[in-house]
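Working notes, beginning with the structure itself.
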Amino acid sequence: MNIAYVVLGFIILIKGGDWLLKASVNFSLRLNISKIIIGMTVVSFATSAPELIVSISAASTGHSDLSLGNVVGSNIANIALVLGVTLLLGNISVGKRFYTLDLPIVMFSSLLLYYFLSNNNQLDFYEGVIMIVLLVSFICYMLFFNKDKKAAEEVEEDENPNSLTKDLLILVLGGVALWGGSELLVLGAVGIATEFGISERIIGVTIISIGTSIPELATSIMAVIKKEKAISLGNLLGSNIFNILAVLGITSVIQDIKVVDSKLMSNDILWMIAVPVVLLGISLLSKGKLGKIGGAVLLSVYISFVYFTL
């Protein structure tokens, strides 16, 4: 029954994330926000919504390792697994902003999380507030000081066919589906951990994190197919930033998040910090043109992570 809860929870989460994503992008297009900004902010927040709801649900019911493991595992999966698969399907070229803004903020957020947790093995209210302030500052910078010259004119007229009322309805349905799916997912995950004697941390960094990364995978693959590669890479890096600053920031403001399993600090977070460094190395060696070789390397890194974690 627990496995059924997990599967059903994933299905509802994925559908809810898809609805939220479509409605969010449509609202953004109405505001003439450029595609790269949409990818780094709106799409990233929408695809991080499953992690947010799952983390809040897990932390509020006393399962902090699920909450932390979900985010840490998702950030590793977003780059090593999702970007790895995406690069096997198509090449992505990175520009100056990748080196000067996007990847550095991903690295900074990861190191900040490690610093906060290393102080007293928990994220508390004040640390959550700091993370949320940093997130708001990042969003404001993206929206007001780093505008792309190309905006809504990039979008074909038929890309936003829904009425405002329909988009609002889809947004509400997406939110409800995310909540319901997260409740089932956490219930099933805790049940599996109890039944088979597996730590909640391992469940969080593997099964739950892969499941909540499915929206990023689906979005990135569709972006590559539609040749919207700016949205694809921007979504993945932005999602990692949102996962830490928004998901853990908001969750810790609501409920302190405590490290229960010490391996989360000695293993999992170190992998999360290392993966962006590997991506940087790949991009430098390939002179900014990420392709199949880079994808294969990233996938091998993810397989190694799972092997050493289990």
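Quick check: pseudo-label points 7 Å beyond the Cα along Cα→Cβ at residue 176 and residue 284, how many nm apart are they?
Distance between the two pseudo-spin positions: 5.1 nm.
Work through the residues other than residue 244 whose Cβ is under 12 Å from its Cβ and net out their charges, Lys, Arg +1 and Asp, Glu -1.
-2
Given labels modelled 7 Å from the Cα in the Cβ direction, how far is it in nm from residue 256 to residue 143?
3.3 nm
Extension gain residue 270-residue 136, at 0.36 nm per residue separation less the Cα-Cα distance, in nm?
Once the chain is fully extended between residue 270 and residue 136, it gains 45.7 nm.
Pairs 263/287; 96/289; 15/96: which exceed 24 Å Cα-Cα?
263/287; 15/96
Working from the alpha-carbon coordinates of region 182-310, get Rg over Rh, Rh being the Kirkwood radius.
That ratio is 0.99, to two decimals.
Placing unit charges on C-beta atoms (Lys and Arg positive, Asp and Glu negative, everything else neutral), compute the dipole magnitude of the chain about its Cα centre in debye, rounded to 20.
I would put it at about 900 debye.
Give the Rg/Rh ratio for region 1-76, taking Rg as the radius of gyration of the Cα atoms and Rh as the Kirkwood radius, to two decimals.
Details: Rg = 14.6 Å, Rh = 13.7 Å.
That ratio equals 1.06.
What do you get for trypsin sites (Lys or Arg not before Pro) in region 239-310 restricted to DSSP loop and a cutoff of at most 12 other Cβ within 10 Å of the site's Cβ?
287
As a test of the formula, what do you get for the chain when each DSSP H run with n ≥ 4 contributes -39,500 (n - 2.57) and the sum is divided by the residue count, at 222 nm and rounded to the nearest 500 deg cm²/dmol?
Mean residue ellipticity at 222 nm (helix-derived): -22000 deg cm²/dmol.
With the Cα gyration tensor of region 1-138 in hand, convert its eigenvalues to equivalent ellipsoid semi-axes via √(5λ) and list them largest first in whole Å.
The equivalent ellipsoid of region 1-138 has semi-axes of 25, 22, 17 Å.
Specify whether the C-alpha gyration tensor of region 61-145 places it in the rounded, prolate or oblate class, a ≥ b ≥ c being the square roots of the eigenvalues: rounded for a/c under 1.5, otherwise prolate if a/b is larger than b/c and oblate if not.
Details: a/c = 2.48, a/b = 1.34, b/c = 1.86.
Oblate.
Multiply the residue gap between residue 97 and residue 263 by 0.36 nm, knock off their C-alpha separation, and tell me the result in nm, one decimal place. Mind showing how you got there, number by number?
Working: separation 166, 0.36 × 166 = 59.76 nm, distance 3.39 nm.
Gain on stretching residue 97 to residue 263: 56.4 nm.
Ordered by packing density, taken as the mean number of other Cβ atoms within 10 Å over each peptide's residues, highest first, how do 13-20, 108-115 rank?
Highest mean packing first, the order is 13-20, 108-115.
Scan around residue 286 for amide H atoms under 5 Å from its own, H built in the peptide plane at 1.01 Å from N, and keep only partners 5 or more places away or cross-chain.
Amide H to amide H, under 5 Å and 5 or more residues apart or across chains, residue 286 pairs with nothing.
Would you mind computing, in nm to one decimal, how far apart the modelled labels at residue 195 and residue 168 are, each placed 7 Å from Cα along Cα→Cβ?
Label at residue 195, label at residue 168, 4.3 nm between them.
Output the peptides 132-143, 55-66 sorted from most to least packed, where packing is the average of other Cβ atoms within 10 Å over each peptide's residues.
55-66, 132-143
Within region 71-112, find all residues whose amide N lies under 14 Å from a label point positioned 7 Å from the Cα of residue 303 along Cα-to-beta-carbon.
81, 84-85
Only the coordinates and a few stated rules stand behind these numbers; no lab work does. A quick note: this is a predicted structure, and the numbers were derived from the prediction, not measured. Note: ideal-geometry Cβ built from the backbone for every residue, glycine included; neighbour counts use all protein chains shown.
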